[in-house]
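Contents: one structure, followed by commentary.
Read the figures in this text as sums done on the coordinates, not as results from a lab. All values derive from a computational prediction rather than experimental measurement. Positions of Cβ are generated from backbone atoms using ideal geometry, with glycine treated the same way; all protein chains shown enter the neighbour counts.
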Amino acid sequence: MSRIELININKYYGDNHVLKNLNLTIEDGDFMTLLGPSGCGKTTTLRVVSGLERPQGGVMLIDGKEAINAENAFYLEPSKRGLNLVFQSYALWPHMTVKQNIAFGLKIQKLSKAEVEKRVTDSLKMMRIEEYVNRYPNELSGGQQQRVAIARAVASNPRLLLLDEPLSNLDARLRIDMRSELQRLHRELGTTIIYVTHDQVEALTMSTKIALFKAGELSQVSTPVELYMNPIDLQAADFIGNPRINLLEGKAKLRGDGTLEVHSALGDHVFPKGDLTNETIPSGEFDVVLATRPEQVHIETRAADGNLPVKVYANQPAGSETLVSLQAGKSDFLAKQLGLVHYDINQQVYVRIDPTKINVYNAQTTRLIKRTSL
Ligand SMILES: Nc1ncnc2c1ncn2[C@@H]1O[C@H](COP(=O)(O)OP(=O)(O)OP(=O)(O)O)[C@@H](O)[C@H]1O
Ligand SMILES: [Mg+2]
């Protein structure tokens, strides 16, 4: 268990400013996922926390104690940080069997033989690789090696577990199983976990908190639900969610009573003052972007109060769900319907969207101005 604070961390590789004044606190017991596109600095952040990289500036505290101080003078050795790291590329000892790989670190910790046995067995069982206990790494597939690497990290009972895309080599099914295993592991051991991925589903399903990166900076740190329902800017909105969020242009005006009047292809709305964020709202009429998730768009076949006529553009049946592309005026958007449904191309249908589930962004600043209340 540990609490990590990163304060104004800056990291350069040559001229490349990879981490820009990074501020992030990982609370004791958090499952914190660093999420973002390739090259945004996720692995670098993990390497700074682990001590494999020295930042050019900033402070890092582990449980309130300095591991890196402002003058970069005090620098706690990686081995003294009480953590365990599993890399994107898993580094197993090639000349040792799976069992020896896991037991090695435990013997250094001077654990009893029985305890070592138990930890090896438990960790292999958890990662579902008991049958490979006596194999060498070169006799294992990439996904199996990856699981051994996780088992080895878990077996040492670290207070902080750093995982860099540990499931990247697993097939889709195993990855889903491993997500549950990692969640269980987190709950049972109470270990603080920092987890790196560019897979948003992984991030949304396992984490207690997500730090969304954008080119070396954090754009949002929040719970998965908050990130999904209220992305802080249009970039975050577009990055999170598959199928992607619907974005529609509109015009807005702040009324004298503090409510927000919005006109778009989704019709006319007046959003209550209480749903507006702290962002400054321009005076007079201004451009906005409305955002709503495909699962919030409900299709009805008859005109009724509060629904809106649209045309069906295409159907994409996918077994458990169907994506329906719709057109309202010049705007098109997606509706996600449960199960297999079919509409005729060009069929006139009606959509209903709960206004509380519509987010509004200032088109110019791209920031969220009206949120979904959870
Ligand atoms: N040792 C290094 N020397 C020079 N540049 C580096 C080094 N390591 C990383 N970089 C650069 O720093 C930036 C961030 O890299 P990082 O590995 O942190 O990205 P990432 O978010 O983990 O990406 P990915 O999802 O592809 O693993 C990239 O532009 C990368 O090219
Ligand atoms: Mg990486």
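For the residues Leu161, Leu308, Leu35, a GNM of the chain with alpha-carbon springs under 10 Å puts the largest fluctuation on Leu308. Taken over the chain, the ratio of Cα radius of gyration to 2.2 N^0.38 Å equals 1.18. Listed values for region 47-59 are Karplus-derived 3J(HN,Hα) couplings in whole Hz (6.51 cos²θ - 1.76 cosθ + 1.60, θ = phi - 60°), namely 5, 5, 4, 6, x, 6, 10, 9, x, 7, x, x, 10, and x replaces Gly and Pro. In this simple spin-label approximation, Thr223 and Ile108 carry label points 7 Å from Cα along the Cα→Cβ vector, and these lie 3.9 nm apart. For the chain, the longest principal axis of the C-alpha atoms and the axis of helix 98-108 are separated by about 70°.
In a fully extended conformation the segment linking Arg175 and Thr25 would gain 51.2 nm over its present Cα-Cα distance, using 0.36 nm per residue. Close amide-amide hydrogen proximity is noted between Glu300 and Tyr350, Val351, Arg352, each under 5 Å apart and 5 or more residues distant or on a separate chain (H modeled in the peptide plane; Pro and chain starts excluded). Phi angles of region 221-233 translate, via the Karplus equation with coefficients 6.51, -1.76, 1.60 and θ = phi - 60°, into HN-Hα couplings of 10, 7, 5, x, 4, 5, 5, 6, 7, 10, x, 6, 9 Hz per residue; Gly and Pro are given as x.
Distant-in-sequence amide contacts of Leu163, defined by a placed amide H-H separation under 5 Å and a gap of 5 or more residues or a different chain, comprise Val86, Ile194, Tyr195, Val196.
Helix 113-126 and the longest principal axis of the C-alpha atoms of the chain enclose an angle of approximately 20°. The order of the peptides 358-367, 133-142 by mean Cβ neighbours within 10 Å, most packed first, is 358-367, 133-142.
Here is the link list: Lys214/Lys330; Lys209/Lys253; Lys20/Lys209; Lys80/Lys118; Lys42/Lys107. Which ones come out longer than 28 Å on Cα distance? Over 28 Å apart, Cα to Cα: Lys214/Lys330; Lys209/Lys253; Lys42/Lys107.
Each of Glu66 and Glu188 was given a label point 7 Å from its Cα along the Cα-to-Cβ line. The distance between the two points is 4.0 nm.
Counting pairs of alpha carbon atoms under 8 Å apart in space and at least six apart in sequence, what relative contact order in percent does region 4-232 give? Computed over region 4-232, the figure is 28 percent.
For Val349, the shell of other residues with beta-carbons less than 10 Å away shows a net charge of 0, using +1 for Lys and Arg and -1 for Asp and Glu.
Given the -39500 (n - 2.57) contribution per DSSP H run of 4+ residues, what per-residue ellipticity at 222 nm results for the chain, rounded to the nearest 500 deg cm²/dmol? After summing the helix terms and dividing by the residues of the chain, the value is -7000 deg cm²/dmol.
Highest mobility in the GNM of the chain, judged by mean-square fluctuation with C-alpha springs under 10 Å and restricted to Arg128, Arg255, Arg244, is found for Arg255.
May I ask you to order 314-323, 256-265, 117-126 by the average number of other C-beta atoms within 10 Å around their residues, highest value first?
Details: 314-323: 13.0, 256-265: 14.9, 117-126: 17.8.
Descending mean neighbour count gives 117-126, 256-265, 314-323.
For Gln220, nonlocal amide neighbours, meaning residues 5 or more places apart or on other chains whose placed amide H falls under 5 Å from its own, are Leu212. Between 0 and 90 degrees, the angle of helix 172-189 with respect to the longest Cα principal axis of the chain falls at about 70 degrees.
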